[in-house]
Amino acid sequence: MARTSPAPARAARQRRRLTYVAEVYFLLFTEEAEEHLKRATPNEVLQLLANRHVTSDNPQGPNSTTGAARYLLIGRTDGDRHLTVVVEATLDPTTWLPVTAWESTPAERKLLGRGSA
């Protein structure tokens, strides 16, 4: 009997499910958050909200110390730079705390292509 390759099942598990959270209207930058944004400026992160962007589940899950929900905000800056920002929920459902940011991976760019802003 032929054995099937586990690769398709593994690939399906590794795909991120695209979800939409409450609309992100405001980002609240704390001093700690700005220190963690070494790969992006606060201005670049704010540009994501004005441009095409999506939110996705964070594969790392909620904040381990506070239990606050964390999501990925993926978008492009005015300079056509693709960024992924981890954002954490606040008590206000429209305001989010940026936690860290990085250049989007090819998989994250695909999510941006499938979503809508």
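Numbers for the structure displayed
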{"read-out": "Qualifying residue in the stretch 9-30 (condition: farther than 16 Å from Thr105 by Cβ, outside any loop (DSSP other than H, G, I, E, B) and at pLDDT 85 or above)", "value": "yes"}
{"read-out": "Selection count, the stretch 89-107, where residues are modelled with pLDDT under 90 and among the charged types (D, E, K, R)", "value": "1"}
{"read-out": "The stretch 100-112 residues that are touching a residue at least 60 places away in the same chain (Cβ under 8 Å), paired with ones that are assigned to a helix (DSSP H, G or I) and β-branched (Val, Ile, Thr) (beta carbon under 9 Å, 6 or more apart)", "value": "Ala101/Val45"}
{"read-out": "Some residue of the stretch 63-71 being touching a Ser or Thr at 6+ places or on another chain (Cβ under 6 Å), modelled with pLDDT of 85 or more and part of a helix (DSSP H, G or I)", "value": "no"}
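The values are calculated or read from the model by the stated rules, or taken from the named source; none is laboratory data. Bear in mind that the values here come from a model prediction, so they are computed numbers and not experimental data. Virtual Cβ from ideal backbone geometry, glycine too; neighbours counted across all protein chains shown.
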